[in-house]
1. Within the stretch 28-42, can you find the residues that are closer than 14 Å to M83 by Cβ and buried (at least 24 other Cβ atoms within 10 Å of the Cβ)?
2. Identify the single condition in (1) under 18 Å from the mean Cα position of the chain (by Cα); (2) surrounded by fewer than 17 Cβ atoms within 10 Å (Cβ to Cβ); (3) assigned to a loop (DSSP other than H, G, I, E, B) that N108 does not satisfy, given that it satisfies every other one.
3. What's the number of the condition G80 fails, among (1) free of Cβ contacts under 8 Å to residues at least 60 places away in the same chain; (2) under 18 Å from the mean Cα position of the chain (by Cα)?
4. Do any helices (runs of 4 or more DSSP H) entirely within the stretch 117-233 hold 1 or more residues that are more than 16 Å from ligand 1 (Cβ to nearest atom) and among the hydroxyl-bearing types (S, T, Y), and if so, which?
5. Of the residues V7, V20, V82, only one is within 16 Å of ligand 2 (Cβ to nearest atom) and either assigned to a loop (DSSP other than H, G, I, E, B) or among the hydrophobic types (A, V, I, L, M, F, W, C) (or both); which?
6. Given (1) at pLDDT 95 or above; (2) under 26 Å from V153 (Cβ atoms); (3) more than 16 Å from ligand 1 (Cβ to nearest atom), where does N108 come up short, assuming only one miss?
7. Would you be able to say whether some residue in the stretch 54-69 is surrounded by 18 or more Cβ atoms within 10 Å (Cβ to Cβ), without any contact (Cβ under 8 Å) to a residue 60 or more places away in the chain and within 10 Å of ligand 1 (Cβ to nearest atom)?
8. Would you mind finding the one in A110, A122, A149 that is over 30 Å from H21 (Cα atoms), in contact with a Gly (Cβ under 9 Å, 6 or more places away or on another chain) and free of Cβ contacts under 8 Å to residues at least 12 places away in the same chain?
Amino acid sequence: MSDELKVEGLVTGYGKQEIVHGISISAKPGHITCVFGPNGSGKSTVIKAIAGLLPAWAGTITLGETELTGLPVHDMVRKGIVMMPQGGGVFPRFTVMENLRMGGYSLNDANKVEERVEALIADYPNLQKRRNVPAGSLSGGEQMMVAIARALVPDPTFVMLDEPSAGLSPALVNETMDRVQALRERGVGVIMVEQNIREALPVADSVYVFAGGNRKFAGSRDDIKGDDHLMSIYMGGD
Ligand SMILES: Nc1ncnc2c1ncn2[C@@H]1O[C@H](COP(=O)(O)OP(=O)(O)OP(=O)(O)O)[C@@H](O)[C@H]1O
Ligand SMILES: [Mg+2]
């Protein structure tokens, strides 16, 4: 039985400003967990805290029986938990290959990293063709693909994707959702923050809605579809 990732009572913020006021979420391997909510509701803040980029002021993060609260990013990566930041975070002056290799920085085995990078890029023909060009010369959509592929280099158990479809053409949004589903089929747990609810909801196994740094909803896709009030307030009315 694979381990569940559990966040309980997370409180965090920036400086002295508390932004997230005790949020609990859990995610399973082989499952797509979607986080929705208005701008500024704390979605990115929560996943940054899970990734080890922000300290938990209160609450716990556990993987199965193992407590991970307070581990730095590279240790979280070694535990199998990786984040793709909002906007992708691709380094424009570095080549596609260099960007992908950075995804393996916390692994100590250069050959293994090279093997993973080659296996991943083989899956993206557009990137393969342009592997040695600066990532900044790619389209926004292609850069997002670099960012997603880079997050997969460490072969994560859980990958957190912060708005992977932002700024993509409709065709690329579909491709992204297909890739997310392919990850689920391989047993990877996906935690996906999305604005693009129309495209993301159909692939979600479970859904959270945040507002104002609090959790407003937790349930299945069907639960939320049946909740007219939530749908109209947070999901754009359909
Ligand atoms: N680095 C930061 N320093 C200070 N405040 C921040 C920082 N990042 C975010 N915030 C604040 O924290 C709150 C929550 O931001 P967060 O980025 O988590 O929202 P979000 O739900 O991801 O929104 P969006 O949909 O716009 O990405 C906002 O009020 C934001 O202004
Ligand atoms: Mg955000």
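1. First, pick out the residues of the stretch 28-42 that are closer than 14 Å to M83 by Cβ: 33, 35.
Hit for the stretch 28-42 is V35, nothing else.
2. The failed condition is (1).
3. With respect to (1) free of Cβ contacts under 8 Å to residues at least 60 places away in the same chain; (2) under 18 Å from the mean Cα position of the chain (by Cα), G80 is out only on (1).
4. Numbers: elements: 125-129, 140-152, 170-185, 197-200, 221-225.
Answer list for the stretch 117-233: 170-185.
5. Values: V7 fails: within 16 Å of ligand 2 (Cβ to nearest atom); V82 fails: within 16 Å of ligand 2 (Cβ to nearest atom).
Selected residue: V20, the only one of V7, V20, V82 that is within 16 Å of ligand 2 (Cβ to nearest atom) and either assigned to a loop (DSSP other than H, G, I, E, B) or among the hydrophobic types (A, V, I, L, M, F, W, C) (or both).
6. In the conditions (1) at pLDDT 95 or above; (2) under 26 Å from V153 (Cβ atoms); (3) more than 16 Å from ligand 1 (Cβ to nearest atom), N108 misses (1) alone.
7. The answer is yes, given that some residue of the stretch 54-69 is surrounded by 18 or more Cβ atoms within 10 Å (Cβ to Cβ), without any contact (Cβ under 8 Å) to a residue 60 or more places away in the chain and within 10 Å of ligand 1 (Cβ to nearest atom).
8. Values: A122 fails: in contact with a Gly (Cβ under 9 Å, 6 or more places away or on another chain); A149 fails: free of Cβ contacts under 8 Å to residues at least 12 places away in the same chain.
Just one listed residue meets the conditions, A110.
The values are calculated or read from the model by the stated rules, or taken from the named source; none is laboratory data. These numbers come from a predicted model, not from an experiment. Cβ atoms come from the backbone with ideal geometry, glycine included; neighbour counts cover every protein chain shown. Calculation scope for accessible area: heavy atoms of the full protein, side chains included, ligands and nucleic acids excluded. Shrake-Rupley method; radii C 1.70, N 1.55, O 1.52, S 1.80 Å.
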